[in-house]
Amino acid sequence: MDRRQVLAYRIAAQGLHREHGGADTAASLAVFDLGVQDGARDVALLALTARLDRIPSLVDDPALVLVWSHRGAQHYHRRADLPAVTRALVPLNEADAMARLGWRAKQAAEAGMTATDALFTAARAMREVVPGPTGKGAASTAISKLVPEALTYACRGCQATHILENLFRLCSLPGGVRLVPGESPATLAPLEGRGRIGTKPDPAAVTATIAAYLTLHGPATAGAAAGFVGTSAASAKAVLPDLVPVDVEGKRALIAPENLAALESPPEPDLVRLLPPWDPFLQARDRDVLVPDRALQKEVWRMLGNPGALLADGEISGVWRSKTSGRRLDFTVSPFWTISVAARKAAGEEAARIAAARGFTDVRVAW
């Protein structure tokens, strides 16, 4: 099959049709099978606005919780899924732990412990220093006093010693710590009803994460799924679910057999959406499938300050940015090619939805 059919499948699988998705609450969206990444500029809020008829409220939704999870990035997850997400963050073995932390053998030697031991040493320290709401800086400084010096660094900016950032983020959920939504700078808090720190690998939990990735971003390779998890392709291949191969324009990819029918006959992607930076749709690791042109890839995924993406007629067809002007939100949309009058009108309607979700009473769109 060709890539346009793959994109049509992913658009449907991720609930971007709205009327076809059937989701009436944020937690019922399929994208929460992996979690929805959050960040500056209301990323998660706008990702849900693109998928729900109503404008959601993430901060007040008791069904959702904000944590550092995949790759140490902030994600909203279903509260009910959190035990499984936590188990999936436990490294399968030392090679997996090294990959997730981005360590090399030299760093483990300098730390005087394995990467796995470093993760759980930090998790136990995290639990100790966050008995209640605690600012990120204060928590990092306190943890640095409880772990080996090799796991810390001196921060010139705030004249303090902090734990290594990636280790700090990856140890938080195993340590039973969440993020407080809507707080800036970041504030940590203990998870309600947290149990003992689990250190036993759970291959089935990692398999479930890979299966969710291949459902939402398939067909794809094991390496792509590994990239989302933050581990190596070898570690991912060791725990793959049952999959079938699919030829996508001459390249081999994988998908679960139960998703083949949806892949073979996806609904027409006749929709327009303004996706925020780091939207779930943009989280696929096979960027050549999403945007084949390498020059245009650099417009969508930048080193710093990603724009949003214009999704029109089944393709990422441009980028967009917004800025505030009093109570008005101004959008600048930069299409990659000629966009129809109907698609421009639909994009204007999507801009109005985004403005309302962010609390703006007026909107202006420039092309």
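Only the coordinates and a few stated rules stand behind these numbers; no lab work does. Quick caveat, the model's predicted, so the values are computed rather than measured. With ideal geometry, Cβ positions are generated from the backbone for all residues, glycine too; neighbour counts draw on all protein chains shown.
Values for this structure:
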{"item": "Relative exposure of LEU48, LEU260, judged by other C-beta atoms within 10 Å (fewest first)", "result": "LEU260, LEU48"}
{"item": "Computed Kirkwood radius, in angstrom, where 1/r is averaged over Cα pairs of the stretch 214-367", "result": "17.3"}
{"item": "FRET efficiency for ALA352 and ASP293, using Cβ-Cβ distance with R0 set to 45 Å, rounded to 0.05", "result": "0.90"}
{"item": "Segment ARG124-SER334, length gained on full extension (0.36 nm per residue, minus Cα span)", "result": "70.8 nm"}
{"item": "Cα-Cα separations in the stretch 164-247 greater than 21 Å, expressed as whole percent", "result": "46"}
{"item": "Cβ-Cβ FRET estimate between ARG41 and ALA109, R0 fixed at 45 Å, reported to 0.05", "result": "0.65"}
{"item": "Calculated FRET efficiency for the pair LYS237/ASP270, C-beta based, R₀ 51 Å, to 0.05", "result": "0.85"}
{"item": "In the stretch 150-235, the trypsin sites (Lys or Arg not before Pro) that fall in loop regions by DSSP, at most 14 other Cβ within 10 Å", "result": "ARG156, ARG196"}
{"item": "Reference-scaled alpha-carbon Rg (2.2 N^0.38 Å with N residues) for the chain", "result": "1.01"}
{"item": "Net lengthening on full extension, VAL59/SER325 (0.36 nm per residue, minus Cα-Cα)", "result": "93.3 nm"}
